[in-house]
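Undergrad: Below you will find the structure I want to go over with you.
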Amino acid sequence: MDINEEYNKALAFFNQQKYDDSTKICTQIIDIDKNHYHTWNLLGNIFFNKNDLESAKQFFIAALNIKNDFVEAYYMLGNVLFQAEMFEDAINIWKEALKYKKSFAIIYSNISAAYIRLEEETLAISFAEEALDIDSKCEDAYLCLVNVYKSKMDLEKTKQTLQKLLIQNKENPEANFDLAYIYFIEKNYKKAYKHFEYRKKLDIQKNNYDYLPFKKYQRKPLKNKSLLVYHEQGFGDNIQFARFLNNIESNDISYGIQNSLNKLFSFNFPKIKFEKEIKTTKNYDFMIPSMSIPHFFNIYETLPEKYLKVEENDIIKFKDTFLDENKLNIGLVWSGSKTSDLKEIKSLELNDFEILFDEKRNFYSLQIENNEDLINYTNIKNIGRDFKDFYDTAVAISALDLIISVDTAVAHLTGALGKKGFILSNKMQFDWRWENKDCISLWYDSLKIFKYKEINSVMKKIDKEINEL
């Protein structure tokens, strides 16, 4: 048996993602030569890619026990520890690797990423800059600096760093997407929407855009042509971008929308056919994701005025059923969806709102889920549990005097309906939808944004504003 030849076969299977075949050959090699450290390292890579971190860790350690200056094994062992969120251990392993190879830019970049997770921003900047001193084209190091500057809300340094990265690689999806955020905040919408198209190329998103068999729309005339609009991302994004639907010049538009938005959108855009499901057997001439409409139809304004409504009789019926006209009627949303990746940063506790409770005010929960805490608050009526869809939510919002909400779909719906709303947005969240300061929203005339880091002082400010209504 030629070990080197067999190892190359195992490596070829690994590169083809045929992990079982590669593992089988590696095992045969180890049976003959237990000191073949490249094979132990390859096994580590196989199990790392299979997300078996504990096995991968043991294989990399085995390789290092045979060859203690094996830089590649240190590098991958650090990756295993980072993936397991053992950031300090990962840093120590990567620093050990640098003893044997000081000019390994990606290791400096990885150390920077670990320090970011440990909220050691000064060290994160130092190691990212060292990576760039070694390799000025190290894209990961630029992205580390971007993440630090975003966390500091230093938009100018964020923008400068992104532009430097794009000199190295103008097609980097993360850099283009983050630059879109900056341009949105700067109100440079033409550039913002252009760079925002790179969201489709992000690793976590790209599978959400190529699953339909229709031709992608590319600014072609739509006369006598059919266009399928399909929803993307969350409910709030679809509500936010619905403002652009009437700007599409076509008499044959279908929209594949979530069922809970179907009734509301059908009522407001009667010329559009809203589909409960997209059938691939239909013959649409073109398709476009909803958040690409302004880019492809050259709409470079936010159009912040009201653009959604409900039946007036439904509002009257709701008021007669639930509201006390002698008091200020306020709707509350304090928590985002349980399935949202940003739930922790977007959500508050119901007791954060206690400073607002006053006998002159009635409160209503608009939440469909996360209502467990209501058992402790008899002064809040739970109406959200009876909502069948967003049309019902829209009726309630339209009937109430004020909505106070964290950053959820209800915030966008309140603005789209032109109802007065106070929106609570975490200062630690870098988001183009709301500026990072207290302000009237760029996207909705009727909303005021309250940025918070420490919630109690912001609630006192809101309490004062309610008294002035």
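Undergrad: Which one of these is touching a helix residue (DSSP H, G or I) at 6+ places or on another chain (Cβ under 9 Å) and touching a residue at least 60 places away in the same chain (Cβ under 8 Å): LYS157, LYS150?
TA: Result: LYS150 is the single residue among LYS157, LYS150 that is touching a helix residue (DSSP H, G or I) at 6+ places or on another chain (Cβ under 9 Å) and touching a residue at least 60 places away in the same chain (Cβ under 8 Å).
Undergrad: Which of the numbered conditions does MET153 fail, given that it passes all the others? Conditions: (1) out of contact with any Leu (no Cβ under 6 Å at 6 or more places or on another chain); (2) hydrophobic (A, V, I, L, M, F, W, C); (3) in a helix (DSSP H, G or I).
TA: Here MET153 meets the rest and fails (3).
Undergrad: Among the listed residues ILE278, ILE288, ILE272, ILE253, identify the single one that is among the β-branched types (Val, Ile, Thr), modelled with pLDDT under 95 and in contact with a strand residue (DSSP E or B) (Cβ under 7 Å, 6 or more places away or on another chain).
TA: It is ILE278.
Undergrad: Name the residue, out of SER457, SER398, SER425, that is touching a strand residue (DSSP E or B) at 6+ places or on another chain (Cβ under 7 Å) and among the polar types (S, T, N, Q).
TA: Details: SER457 fails: touching a strand residue (DSSP E or B) at 6+ places or on another chain (Cβ under 7 Å); SER398 fails: touching a strand residue (DSSP E or B) at 6+ places or on another chain (Cβ under 7 Å).
Only one candidate qualifies: SER425.
A quick yes/no check of all residues on (1) surrounded by fewer than 16 Cβ atoms within 10 Å (Cβ to Cβ); (2) of a type in the set (Ser, Thr, Tyr):
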site: ASP133; (1), (2): yes, no
site: VAL146; (1), (2): no, no
site: PHE177; (1), (2): no, no
site: PHE184; (1), (2): no, no
site: LYS190; (1), (2): yes, no
site: ARG199; (1), (2): no, no
site: ARG219; (1), (2): yes, no
site: TYR230; (1), (2): no, yes
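Undergrad: Moving on to the next point. Restricted to segment 1-27, and to residues that are surrounded by 14 or more Cβ atoms within 10 Å (Cβ to Cβ) and polar (S, T, N, Q), which residue is nearest to ALA84 (Cα to Cα)?
TA: THR23
Undergrad: Quick one: TYR300 ticks every box in (1) in a loop (DSSP other than H, G, I, E, B); (2) at pLDDT 95 or above; (3) farther than 20 Å from PRO270 by Cβ; (4) not polar (S, T, N, Q) bar one, so which box is it?
TA: (2)
Undergrad: Run down ALA62, ALA105 and say which single residue is modelled with pLDDT of 95 or more and touching an Asp or Glu at 6+ places or on another chain (Cβ under 7 Å).
TA: Working: ALA62 fails: touching an Asp or Glu at 6+ places or on another chain (Cβ under 7 Å).
None of the other options fit; the residue is ALA105.
Undergrad: Collect the residues in segment 73-91 that are crowded, with 16+ Cβ neighbours inside 10 Å and either over 31 Å from the mean Cα position of the chain (by Cα) or assigned to a loop (DSSP other than H, G, I, E, B) (or both), keeping them in residue-number order.
TA: Those that are crowded, with 16+ Cβ neighbours inside 10 Å and either over 31 Å from the mean Cα position of the chain (by Cα) or assigned to a loop (DSSP other than H, G, I, E, B) (or both): ALA73, TYR74, MET86.
Undergrad: Output the residue which, of all residues in segment 357-387 that are surrounded by fewer than 19 Cβ atoms within 10 Å (Cβ to Cβ) and hydroxyl-bearing (Ser, Thr, Tyr), is nearest to ASN456 (Cα to Cα).
TA: TYR377
The values are calculated or read from the model by the stated rules, or taken from the named source; none is laboratory data. Quick caveat: nothing in here was measured; it's all calculated off a predicted structure. Because the Cβ atoms are built from the backbone with ideal geometry, glycine has one as well, and the counts that use them run over all protein chains shown.
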